[in-house]
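Visitor: Just passing along the structure, written as structure tokens.
The values are calculated or read from the model by the stated rules, or taken from the named source; none is laboratory data. Note that this is a predicted model, so its numbers are computed, not measured. No Cβ is skipped: glycine too gets one built from the backbone with ideal geometry, and neighbour counts run over all protein chains shown.
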Amino acid sequence: MATRPRLAVLALAASASLGLITACGTATEAGNGSTGSPAPVASGEPAPGTAPSSPAAASTAGAPTPAPSASSLPASSPASPSTSSSTSARTAAPSNPLAPATHPAPALPGDATAYADDLVRAWGAGRRADASRYATSGAVRALFSHADPGGKHWKRVGAQGAAGTIYVSYRDEASGDRVTLAVGNAAVAEHQRHAVREARFG
């Protein structure tokens, strides 16, 4: 009869030991959950504490970057407009609004009498530079030595030719003076200057 109470005590002690072991195992698992390493993350799922990536980033993250094509390369930048305009401004010659206007000289006549008439008009008005276009320096000097200006009363009174030269005569209706101009036919026909070679008074 003494054996039964002893067995009951042993059973109670074993039950208490089993309960203690169970409690210790539960505490150990709780400790491992708070201090251990996190569980591995499955592929495609964000790790704990990180923001989920966008689908586009996830799809292109592992793709290789293509090399740039020739058309995608940046073109060379054009020259600066300010540089080209400043260069042209430096090279352009400044205009002078006060410079006298230049006019082309009229074409020389192709007729001997008209050629001589133009000379007499220039001499009569005192335009020595214009007279120098029609006559040689000796003929111009003879005309302006006689009168400067020649005056406006000269009238052509005759013209005759000999050996390639036309002699054109004029008379001053105010004074009665006469002058004969020797005009080279060939020079007049080619519209050359200085076709009047001589001016003879009397």
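Visitor: So which residues in region 109-134 are surrounded by fewer than 15 Cβ atoms within 10 Å (Cβ to Cβ) and in contact (Cβ under 8 Å) with a residue 24 or more places away in the chain, if there are any at all?
Guide: Of everything in region 109-134, those that are surrounded by fewer than 15 Cβ atoms within 10 Å (Cβ to Cβ) and in contact (Cβ under 8 Å) with a residue 24 or more places away in the chain turn out to be GLY110, ASP111, ALA125, GLY126.
Visitor: Can you pull out every residue in region 172-202 that is more than 13 Å from LEU119 (Cβ to Cβ), in contact with an Asp or Glu (Cβ under 7 Å, 6 or more places away or on another chain) and surrounded by 15 or more Cβ atoms within 10 Å (Cβ to Cβ)?
Guide: none
Visitor: Could you please let me know if ARG156 is over 18 Å from THR180 (Cα atoms) and either modelled with pLDDT of 95 or more or aromatic (Phe, Trp, Tyr) (or both)? I'd like the intermediate steps shown before the answer.
Guide: Details: over 18 Å from THR180 (Cα atoms): no; either modelled with pLDDT of 95 or more or aromatic (Phe, Trp, Tyr) (or both): yes.
When the stated conditions are applied, ARG156 does not pass them.
Visitor: Any idea which of PRO106, PRO97, PRO81 is surrounded by fewer than 10 Cβ atoms within 10 Å (Cβ to Cβ), under 30 Å from GLY161 (Cβ atoms) and at pLDDT below 95?
Guide: Unique residue meeting the criteria: PRO106.
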